[in-house]
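First up is the structure itself, then whatever we jot down about it.
The values are calculated or read from the model by the stated rules, or taken from the named source; none is laboratory data. This is a predicted model, so every value here is computed, not measured. Every residue, glycine among them, receives a Cβ derived from its backbone with ideal geometry; neighbour counts consider all protein chains shown. Calculation scope for accessible area: heavy atoms of the full protein, side chains included, ligands and nucleic acids excluded. Shrake-Rupley method; radii C 1.70, N 1.55, O 1.52, S 1.80 Å.
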Amino acid sequence: MSRALIIGAGGVAGVVIHKCCQNSEVFTDICIASRTKSKCDKFRDELQDKTKTNITTAQVNADNVPELVALMKEYKPDICINVALPYQDLHIMDACLECKVDYLDTANYEPEDTAKFEYSWQWAYRERFEKAGLTAVLGSGFDPGVTGVFCAYAQKHYFDEINYIDILDCNGGDHGYPFATNFNPEINIREVSAKGSYIQDGKWVETEPMEIKRVYNFDQVGEKDMYLLHHEELESLALNIKGIKRIRFFMTFGQSYLTHLKCLENVGMTSIEPIMYEGREIVPLQFLKAVLPDPASLGPRTVGKTNIGCIFKGKKDGKDKTYYVYNVCDHQECYKEVGSQAISYTTGVPAMIGAMMVLTGKWKRPGVYNVEEFDPDPFMEALNKWGLPWTENFDPVLVD
Ligand code: NDP
């Protein structure tokens, strides 16, 4: 019997809520709390007659620690699942410390005024969580998240050392719009318009945005252009996986997305520097978010599949070895099951599983951890059970 406080009521939260309600044995009680309470109530109204999980809702501004603390003191959750935005991570961690609640999120903290993606701010909480006897799991979505669990699984079962990792994130879905983002537009555009980078021989190598392009033929999706991006899990995996010489992250983008993005960048619409407009300050990227389609509305119109996974090259018993593990997810199947497209689904399912790992004691360890620091086996088993089955290939095509 456990109580989870879910913060956020957007695309990813919707999937977390559905999945917790499918898993009432573990999640006997959930409270959905977000800035706009009507969105929380909508999920409750849709699900409360179809699940044994008791659902309550609340309004909370997660940038306000005293408000979070008051809510946690009243609801008394065992874990807080943070699926609001990266800006709220530290505030929610502060409230968890004060109220003795375990913590889990899907994206690293970002300061609102700089697009900077690193774990330093959250790793600085390690000692405080350890002393309080609380567990914080960082990045339990798909990437970061499942990709880290895939790495831990490869390390545990197949390799003595892993020298090369390529994380490949392919979205072969089509929503029919010339330009839309599959998760929060502000966070997505900050990520893809930042400089690219990868880790080689223990050092970060920086590239221009979208400078490095490769083509890869993805199982069940086909050939796609993919581009090297900076991605937060590179930082923790380079420390936690033994023998890494190089680790990179690639994501696929269609030509229409890239052309629109370039144009929006060129006219200044992706900037996070505030400007004055008709006497008030606005942030161009936040204005752009307001005119773009809401990612939560893409579900019914998105067709096709995602394929996300990791390719490893390393050594086992002195011999070279390669291994590829990936999940394929169908946008329409996700929509039928939980009313969301596959990007929200592939993020929300691992968030529920990560919380279940902590609540059932499998990943309960005081401190602040990235997912690859825990035993991957129960998580891998749960992926198969809860909607994200994985496929292995021991002779994959490598990325040059
Ligand atoms: P959405 O924009 O759809 O939802 C965000 C939700 O958070 C909204 O309900 C919003 O409220 C709420 N929120 C924002 N600010 C506050 C606040 N101050 N207090 C309370 N609630 C707040 O985003 P997504 O669902 O697409 O993404 C959620 C998270 O998942 C993000 O952190 C994103 O980076 C992460 N993510 C991780 C992935 C992974 O694989 N690891 C992949 C995709 C996303 P309101 O409705 O009022 O705006």
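Has the range 59-73 got at least one residue that is surrounded by fewer than 18 Cβ atoms within 10 Å (Cβ to Cβ), in contact with a Ser or Thr (Cβ under 9 Å, 6 or more places away or on another chain) and not hydroxyl-bearing (Ser, Thr, Tyr)? Yes, the range 59-73 contains a residue that is surrounded by fewer than 18 Cβ atoms within 10 Å (Cβ to Cβ), in contact with a Ser or Thr (Cβ under 9 Å, 6 or more places away or on another chain) and not hydroxyl-bearing (Ser, Thr, Tyr). Taking Phe218 as meeting all but one of (1) open to solvent by 10 Å² or more (accessible area, probe 1.4 Å); (2) away from the ligand (no atom under 16 Å from the Cβ), write down the number of the exception. Evaluating Phe218 over (1) open to solvent by 10 Å² or more (accessible area, probe 1.4 Å); (2) away from the ligand (no atom under 16 Å from the Cβ) leaves (1) as the failure. Going residue by residue through the range 190-202, is there one that turns out to be open to solvent by 10 Å² or more (accessible area, probe 1.4 Å), without any contact (Cβ under 8 Å) to a residue 24 or more places away in the chain and over 15 Å from Leu264 (Cα atoms)? Looking through the range 190-202, none of the residues is open to solvent by 10 Å² or more (accessible area, probe 1.4 Å), without any contact (Cβ under 8 Å) to a residue 24 or more places away in the chain and over 15 Å from Leu264 (Cα atoms).
Output the number of residues of the range 235-251 satisfying the condition of being closer than 20 Å to Ser120 by Cβ, surrounded by fewer than 22 Cβ atoms within 10 Å (Cβ to Cβ) and touching a residue at least 24 places away in the same chain (Cβ under 8 Å). So the answer is 2.
What number of residues in the range 324-356 are of a type in the set (A, V, I, L, M), buried (at least 24 other Cβ atoms within 10 Å of the Cβ) and more than 15 Å from Leu298 (Cα to Cα)?
Taking the range 324-356 first, the residues of a type in the set (A, V, I, L, M) are 325, 328, 338, 342-343, 349, 351-353, 355-356.
When the remaining residues are screened for being buried (at least 24 other Cβ atoms within 10 Å of the Cβ), the result is 342-343, 349, 351-353, 355-356.
Subsequent filtering for residues that are more than 15 Å from Leu298 (Cα to Cα) retains 349, 351-353, 355-356.
Total meeting the criteria: 6.
For the range 192-206, filtered to residues that are part of a strand (DSSP E or B) and under 23 Å from the mean Cα position of the chain (by Cα), the residue that is nearest to Gly172 (Cα to Cα) is Gly196. Condition first: near the ligand (Cβ under 9 Å from one of its atoms) and either open to solvent by less than 10 Å² (accessible area, probe 1.4 Å) or in contact with a strand residue (DSSP E or B) (Cβ under 7 Å, 6 or more places away or on another chain) (or both). Now tell me which residues in the range 81-91 satisfy that. Across the range 81-91, the qualifying residues are Asn82, Val83, Ala84, Pro86, Gln88, Asp89. The number of residues in the range 278-298 being open to solvent by less than 70 Å² (accessible area, probe 1.4 Å), more than 20 Å from Ala13 (Cα to Cα), in a helix (DSSP H, G or I) and within 15 Å of the ligand (Cβ to nearest atom) comes to 2.
Residues are listed down the side, and each one gets a yes or a no for (1) over 18 Å from Arg128 (Cα atoms); (2) free of Cβ contacts under 8 Å to residues at least 40 places away in the same chain:
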| residue | (1), (2) |
| --- | --- |
| Ser34 | yes, no |
| Asp41 | yes, yes |
| Thr56 | yes, yes |
| Ala62 | yes, no |
| Ala84 | yes, no |
| Asp94 | no, yes |
| Leu97 | no, yes |
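Per this entry, Val101 is not counted among residues that are among the hydrophobic types (A, V, I, L, M, F, W, C), open to solvent by 30 Å² or more (accessible area, probe 1.4 Å), more than 9 Å from the ligand (Cβ to nearest atom) and in contact (Cβ under 8 Å) with a residue 12 or more places away in the chain. Could you please let me know if Tyr109 is hydroxyl-bearing (Ser, Thr, Tyr), more than 24 Å from Met380 (Cα to Cα) and touching a residue at least 24 places away in the same chain (Cβ under 8 Å)? Judged against the criteria, Tyr109 is not a match.
How many of the residues making up the range 343-400 are at pLDDT 95 or above and either part of a helix (DSSP H, G or I) or β-branched (Val, Ile, Thr) (or both)? Let's see the steps before the verdict.
Quick first cut of the range 343-400, residues at pLDDT 95 or above only: 345-399.
Keeping just the survivors that are either part of a helix (DSSP H, G or I) or β-branched (Val, Ile, Thr) (or both) gives 345-360, 368, 371-373, 376-385, 391, 397, 399.
Counting residues in the range 343-400 that are at pLDDT 95 or above and either part of a helix (DSSP H, G or I) or β-branched (Val, Ile, Thr) (or both) gives 33.
Among the residues making up the range 15-72, those that are within 10 Å of the ligand (Cβ to nearest atom), in a loop (DSSP other than H, G, I, E, B) and in contact with a Phe, Trp or Tyr (Cβ under 9 Å, 6 or more places away or on another chain) are Ala62, Asp63. One residue is enough: does the range 214-234 have a residue meeting the conditions of a type in the set (Lys, Arg) and in a strand (DSSP E or B)? Checked against the condition, which is being of a type in the set (Lys, Arg) and in a strand (DSSP E or B), the range 214-234 yields at least one hit.
Of Ile167, Ile162, which residue is over 25 Å from Lys262 (Cβ atoms) and of a type in the set (Val, Ile, Thr)? It would help to see each step written out before you state the result.
Working: Ile167 fails: over 25 Å from Lys262 (Cβ atoms).
The unique qualifying residue is Ile162.
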